[in-house]
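First up is the structure itself, then whatever we jot down about it.
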Ligand code: DX5
Ligand code: ZN
């Protein structure tokens, strides 16, 4: 059973309340919120005020993906805004222990992410500190990019490590995921699929959710 996490970045922001209500109605598992600072990634998205607004209209689990150069400066603000899970990048904190502890102390679920050009070995020794590993299957910064195929090997390697070490870390995959490649991503070992463009532009969102959750 895979979980689906629509990425709000691809929603119609002029109708954000309705878009969130649609996600709730369709029974999605998490809402993926992409926070970009124009520094770690070459794009700017939105901040805690929008997350707080989203939190005020849904009970959904808020999965906040921080693409920020100084993520730790914002953990508390996003917690106050309603985040349930905060993910930051290993590229920023190669030794992520202190940040993981900071998130735990705030009562948050912990997530660590790595970009597609990074070796999974960078992150494996730290996985016991994290509830989620967010495997980037595109270079972060923009929605609507194509899935990078080598991510499948990364997912497989992470799955093997997690199973061999009996960890509870969930594997979430982010970037270019759609109804066409979801099955092979889940077969490789993913637990949670982020879908931005694929979900919000789907002709039939309901069957996309049902089919993904059946994988
Ligand atoms: C990329 C973001 C992704 C993105 C996914 O920087 O982290 O979450 O919104 O969008 P799609 O599914 O359109 O690739
Ligand atoms: Zn993301």
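Quick note: the coordinates plus some simple rules give every number you see, no bench work behind them. The model shown is predicted, which means the values in this text are computed figures rather than measured ones. Methodologically, a virtual Cβ is constructed for each residue, glycine included, from the backbone with ideal geometry; neighbour enumeration extends over all protein chains shown.
Any idea what log10 I(q)/I(0) is at q = 0.14, 0.17, 0.22 Å⁻¹ for the stretch 63-144, Debye with uniform C-alpha scatterers and no solvent? Calculated log10 I(q)/I(0) at the listed q: -0.41, -0.61, -1.02. Over the chain, what portion of Cα pair distances is larger than 30 Å, expressed as a whole percent? Pairs farther apart than 30 Å: 14 percent. Relative contact order of the chain, taken over Cα pairs closer than 8 Å and 6 or more residues apart, is 22 percent. Building the convex hull from the alpha-carbon atoms of the stretch 126-215 and averaging its projection over directions returns 5.9 nm².
Note on residue 80 and residue 187: with the Förster distance fixed at 30 Å, the Cβ-Cβ geometry gives a FRET efficiency of about 0.20.
The fewest-to-most ranking of 7, 45, 146 by surrounding Cβ atoms within 10 Å reads 146, 45, 7. Spin-label model, residue 202/residue 164: points 7 Å from Cα along the beta carbon direction are separated by 3.5 nm.
Note on the chain: with a GNM built from Cα contacts shorter than 10 Å, the maximum mean-square fluctuation among 79, 101, 166 falls on 166. Its alpha carbons considered, the stretch 23-119 gives a radius of gyration followed by a Dmax of 13.2, 40 Å.
Fewest Cβ neighbours within 10 Å first, please rank 197, 110, 210, 154 accordingly.
Working: 197 16, 110 21, 210 13, 154 24.
With the sparsest Cβ surroundings first, the list reads 210, 197, 110, 154.
Taking 7 Å steps out from each Cα toward its Cβ at residue 105 and residue 44 produces label points 3.1 nm apart.
Using the Cβ-Cβ distance between residue 142 and residue 119 with R0 = 22 Å, the FRET efficiency computed as 1/(1 + (r/R0)^6) comes to roughly 0.40. Among beta bridges from DSSP that stay inside the stretch 3-213, the antiparallel ones total about 5%.
Here 132, 46 are placed in order of increasing Cβ neighbour count within 10 Å, fewest first, which gives 46, 132. Considering only 142, 75, 199, the Gaussian network model of the chain with Cα springs below 10 Å gives its largest mean-square fluctuation to 142. Once both labels are positioned 7 Å from their Cα atoms along Cα-to-Cβ, the gap between residue 150 and residue 98 label points is 3.1 nm. Once you keep just the Cα pairs under 8 angstrom separated by 6 or more residues, what percentage relative contact order results for the stretch 82-147? 33 percent.
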